[in-house]
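The values are calculated or read from the model by the stated rules, or taken from the named source; none is laboratory data. Everything numeric in this text was worked out from a predicted model, so none of it was measured. Virtual Cβ from ideal backbone geometry, glycine too; neighbours counted across all protein chains shown.
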Ligand code: PMP
């Protein structure tokens, strides 16, 4: 990270207080926050971030699975500044447009599977999912099938926190004390190979999940189901890789039952699994709709996009029967500054061969993380390429979990942070989802830190009587 002398000095103590008094943080445990306040991240460059005390960390979570090209890319900043000074904002409603939005739509159509050629912009992943479901309902209404409303999602899926996206989300604790729009969504089991029923092979487990899907269609009625939405690899729900063939079989069943297949590629898109989109390249599926956000702009500006098939567009885009307009969209749909950031981000991914780096370094990251399996708490190391997770358990044979109060994920993350690495604790899990520019050398440093962190966390769990 460059010396801070050329950057304005921040009054971090005052900022800390202002934050504590006024900023309602997302996903925050107030019992801790009221005591400790925030950690202020002030600087970032490449694979590193720095906090207000001058501590420097390797970023093991790409901000929040999003800073795919790494931090401090001056050329993205410049592209945004150029666009902001030339034309920062104007409406895209009706027939108005702007250069970056048009350019980016065409670029996304080029990168996406061949049949996805139409782009609906939003401001992030939740909004993209919400907008998608509204468009899907609109599509079936226009086809004269207004009863097709129900969306099939999965337990432990994460699709966001706007009202409808939170309902699609299947992580129970995310909706504690919140309301959900239950009449619109039915949740199926997640595909969790680690915790599949005892004695079932992976292939049998896949059959089992497919049967559940069939039974649900029979129960709810294909005439009432609009779509099935799934992350190619479930992210926040625990980096769950489905059994071989799962997605393709789900898609075949969708097709047979006139159910749209939506891939939420908010995390898996833009290189994390070694391709711009994982659906076709990795999972051999041809979704009717792909949603993306995060890596689309590498987090340099808020942006989401829904990529829509020619077939669906034909219904959405034909002149309205009632002479109306497609009355949905946001003030910031196709925001010029966000689209300029995304275009430069994509240019960097292509120019630097970032997908190729992930295909090369990803298997090494998987292999090296697996060497941590000897630690007492590490029950499972899973994921793919730059989307990985450690599952901590009390007992590796029974897979029994440690009590929630043991805060095992927090302990491991804390010990890693003490040693200069930020990873993400999610309950008993630790997620590693780094910028896509990690090298083999970075992996070696990270795994050495994690090795020490796990040793220290195990010792502290023993000391406190949890192991
Ligand atoms: N879908 C998936 C798969 C995600 O992981 C996320 C965010 N982690 C979202 C949707 C929601 O995106 P956002 O936070 O940008 O609204």
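Mind telling me which of the residues 214, 244, 311, 219 ends up being part of a helix (DSSP H, G or I) and either within 21 Å of residue 61 (Cβ to Cβ) or touching a residue at least 40 places away in the same chain (Cβ under 8 Å) (or both)? Give the steps one after another, and end with the answer.
Working: 214 fails: either within 21 Å of residue 61 (Cβ to Cβ) or touching a residue at least 40 places away in the same chain (Cβ under 8 Å) (or both); 244 fails: part of a helix (DSSP H, G or I); 219 fails: either within 21 Å of residue 61 (Cβ to Cβ) or touching a residue at least 40 places away in the same chain (Cβ under 8 Å) (or both).
Testing whether each residue is part of a helix (DSSP H, G or I) and either within 21 Å of residue 61 (Cβ to Cβ) or touching a residue at least 40 places away in the same chain (Cβ under 8 Å) (or both) leaves just 311.
Being within 14 Å of the ligand (Cβ to nearest atom) and not assigned by TED's automatic domain parsing to the domain that holds residue 62 narrows it down to one of 281, 248, 305, so name that one. Reasoning before the result, please.
Working: 281 fails: within 14 Å of the ligand (Cβ to nearest atom); 248 fails: within 14 Å of the ligand (Cβ to nearest atom).
Testing whether each residue is within 14 Å of the ligand (Cβ to nearest atom) and not assigned by TED's automatic domain parsing to the domain that holds residue 62 leaves just 305.
With the requirement that a residue be surrounded by fewer than 19 Cβ atoms within 10 Å (Cβ to Cβ) and touching a helix residue (DSSP H, G or I) at 6+ places or on another chain (Cβ under 8 Å), what does region 58-77 give you?
64, 75
Just to check your reading of the model, which residue among 301, 281 is surrounded by fewer than 24 Cβ atoms within 10 Å (Cβ to Cβ) and without any contact (Cβ under 8 Å) to a residue 12 or more places away in the chain? Explain how you work it out, then say what you get.
Numbers: 301 fails: without any contact (Cβ under 8 Å) to a residue 12 or more places away in the chain.
That would be 281, the only listed residue that is surrounded by fewer than 24 Cβ atoms within 10 Å (Cβ to Cβ) and without any contact (Cβ under 8 Å) to a residue 12 or more places away in the chain.
When you scan region 43-65, how many residues do you find that are in contact with a strand residue (DSSP E or B) (Cβ under 6 Å, 6 or more places away or on another chain) and closer than 17 Å to residue 15 by Cβ?
6
For residues that are more than 16 Å from the ligand (Cβ to nearest atom) and closer than 22 Å to residue 433 by Cβ, scanning just region 251-275, find the one that is surrounded by the fewest Cβ atoms within 10 Å (Cβ to Cβ).
Pass one, region 251-275, residues more than 16 Å from the ligand (Cβ to nearest atom): 251-260, 274-275.
Of the ones still in play, those that are also closer than 22 Å to residue 433 by Cβ are 274-275.
On the way: 274: 22, 275: 19.
Only one residue tops the list, namely 275.
Could you say whether any residue in region 37-47 is outside any strand (DSSP E or B) and out of contact with any helix residue (DSSP H, G or I) (no Cβ under 8 Å at 6 or more places or on another chain)? If you could, list the steps in order and put the result at the bottom.
Of the residues in region 37-47, the ones outside any strand (DSSP E or B) are 37-40, 47.
The next check asks that each one be out of contact with any helix residue (DSSP H, G or I) (no Cβ under 8 Å at 6 or more places or on another chain); those that pass are 39.
Among the residues of region 37-47, at least one is outside any strand (DSSP E or B) and out of contact with any helix residue (DSSP H, G or I) (no Cβ under 8 Å at 6 or more places or on another chain), which makes the answer yes.
Residue check, residue 165 against (1) within 16 Å of the ligand (Cβ to nearest atom); (2) free of Cβ contacts under 8 Å to residues at least 60 places away in the same chain; (3) surrounded by fewer than 23 Cβ atoms within 10 Å (Cβ to Cβ), all met but one. Which one?
Here residue 165 clears every test but (3).
Please pick out the residue among 139, 158 that is under 30 Å from residue 219 (Cα atoms), surrounded by 22 or more Cβ atoms within 10 Å (Cβ to Cβ) and more than 16 Å from the ligand (Cβ to nearest atom).
Working: 158 fails: more than 16 Å from the ligand (Cβ to nearest atom).
Result: 139 is the single residue among 139, 158 that is under 30 Å from residue 219 (Cα atoms), surrounded by 22 or more Cβ atoms within 10 Å (Cβ to Cβ) and more than 16 Å from the ligand (Cβ to nearest atom).
Does residue 327 satisfy the criteria of being within 30 Å of residue 316 (Cβ to Cβ), surrounded by fewer than 19 Cβ atoms within 10 Å (Cβ to Cβ) and over 24 Å from the mean Cα position of the chain (by Cα)?
yes
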